[in-house]
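One structure is given below, encoded as structure tokens.
The values are calculated or read from the model by the stated rules, or taken from the named source; none is laboratory data. Remember, predicted model here, so these are calculated numbers, not experimental data. All Cβ positions, even for glycine, are placed from backbone atoms using ideal geometry, and neighbour counts span all protein chains on display.
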Amino acid sequence: MPQDTANKNLCKHTQDAQTFLATPTRGMAYIHGTATKMTFCIDKAQHPLIIDSGAHCSMVARNYLDNHFPNWENQLLPTKAKNFKSAAGKMTSIGTIIKEIIIPHRK
């Protein structure tokens, strides 16, 4: 379900993720491809992501990295040649970035 969260809080610890407001959004967001969009704690800040539970990794656009992780190019690791496909067509990987993600939850 889509999530509404406040993006101004900083995450300093795993327990901070428990304070996120994670309330499902009413409406038909699933039509717009945001049914699995959630906010996660990455690098001590909140960042929106779309979750694909069947994927072993996630691919994001350069502009997403520029907006959320300004120094992403310094963390770029090489990727083995693989074919990635989406509904929009073939995708080319420029590399791998490994991030620790804290998943917000409620009691």
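Here are the numbers:
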{"item": "Residues within region 94-104 that are surrounded by 10 or more Cβ atoms within 10 Å (Cβ to Cβ), assigned to a loop (DSSP other than H, G, I, E, B) and touching a residue at least 40 places away in the same chain (Cβ under 8 Å), tallied", "result": "3"}
{"item": "Total residues in region 72-83, condition surrounded by fewer than 13 Cβ atoms within 10 Å (Cβ to Cβ) and either within 17 Å of CYS41 (Cα to Cα) or at pLDDT below 90 (or both)", "result": "5"}
{"item": "Verdict on ALA29 being modelled with pLDDT under 70, in contact with a Lys or Arg (Cβ under 8 Å, 6 or more places away or on another chain) and not polar (S, T, N, Q)", "result": "yes"}
